[in-house]
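Undergrad: Pasting a structure here, questions to come.
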Amino acid sequence: METFGIPTVPLTTPAGEVPVPQLGFGTWQSEGDEAYTSVRTALEVGYRHIDTATMYGNEDLVGRALADSGLDRSDVFVTTKLRPNDAGREDEVIEASLRNLGTDHVDLWLVHWPPDGDASPHTWERFIAAHEAGRARAIGVSNYS
């Protein structure tokens, strides 16, 4: 079984893209010391996929936990997301996310929710540009009907 750092966590490869660990640690509603400590603990016990989002307000804590873990960046799969209100500011947001996470790329960047409840070609074009520039290894959407 192919894995991402942990022998018991299988990978899935959507659309032939980047292998994604099927088990990840989510950071929604995780704030302050709790966010930092929970991510550090998750990494210590073997999680290698950390899921965060701009709207969670904890990317800096996730980044610090990742840096302090001692793990090589290539051994941890990091997902973050663009909140709908940030449509039109995609380039600024990915740069801020990368700064906060302390990395030069994310493994997966998602449109968190449809901007204004609908698909946004401009947003998707900026996601493609981020992918092509190497700031996001893979791109996608979440919470779409």
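Undergrad: Going by alpha carbons, how many degrees (0 to 90, nearest 10) lie between the helix axis of 121-132 and the longest principal axis of the chain?
TA: Helix 121-132 sits roughly 40 degrees off the main axis of the chain.
Undergrad: So what is the accessible area of the chain per residue, in Å², with the probe set to 1.4 Å? Before the final figure, lay out each step's value.
TA: Values: 7520 Å² over 145 residues.
On a per-residue basis, the chain sits at 52 Å².
Undergrad: Extension gain residue 71-residue 89, at 0.36 nm per residue separation less the Cα-Cα distance, in nm? Show your work: numbers first, answer last.
TA: Details: separation 18, 0.36 × 18 = 6.48 nm, distance 3.13 nm.
Separation in residues times 0.36 nm, less the Cα-Cα distance, equals 3.4 nm.
Undergrad: Next question. Each label point is 7 Å from the Cα along the Cα-to-Cβ direction; what then is the distance between the points at residue 119 and residue 143, in nm?
TA: Placing both labels 7 Å along Cα→Cβ, they lie 2.0 nm apart.
Undergrad: Per the 1.4 Å probe, what fraction of the accessible area of the chain, in percent, lies on carbon and sulfur atoms?
TA: Details: 3680 of 7520 Å².
Here it works out to 49 percent.
Undergrad: Per residue, how big is the convex hull around the C-alpha atoms of the range 70-145? Give it to me in cubic angstrom, could you? Walk me through the intermediate numbers first.
TA: Numbers: hull volume 6.3 nm³, N = 76.
That works out to 82 Å³ per residue.
Undergrad: Under 13 Å from the Cβ of residue 84, count the other residues' Cβ atoms, weight Lys and Arg +1, Asp and Glu -1, and hand me the total. Could the numbers behind the result be given before it?
TA: Working: positive: 81, 83, 89; negative: 86, 90, 116, 118.
Summing Lys/Arg as +1 and Asp/Glu as -1 gives -1.
Undergrad: Same structure again: If you take the alpha carbon radius of gyration of the chain and divide it by 2.2 N^0.38 Å, what ratio comes out, to two decimals? Don't skip to the end; give the middle numbers.
TA: Values: Rg = 14.6 Å, N = 145, 2.2 N^0.38 = 14.6 Å.
Taking N as the residue count of the chain, the ratio is 1.00.
Undergrad: Helix 59-68 against the longest principal axis of the chain: what's the angle in degrees, Cα atoms only, rounded to the nearest 10?
TA: 30 degrees
Undergrad: So, one more: FRET efficiency for residue 99 and residue 18, Cβ-Cβ distance as r, R0 = 25 Å, nearest 0.05?
TA: 0.70
The values are calculated or read from the model by the stated rules, or taken from the named source; none is laboratory data. Keep in mind it's a predicted model, so treat the numbers as computed, not measured. All Cβ positions, even for glycine, are placed from backbone atoms using ideal geometry, and neighbour counts span all protein chains on display. Areas reflect the complete protein model, heavy atoms only, side chains present, ligands, DNA and RNA absent. Shrake-Rupley method; radii C 1.70, N 1.55, O 1.52, S 1.80 Å.
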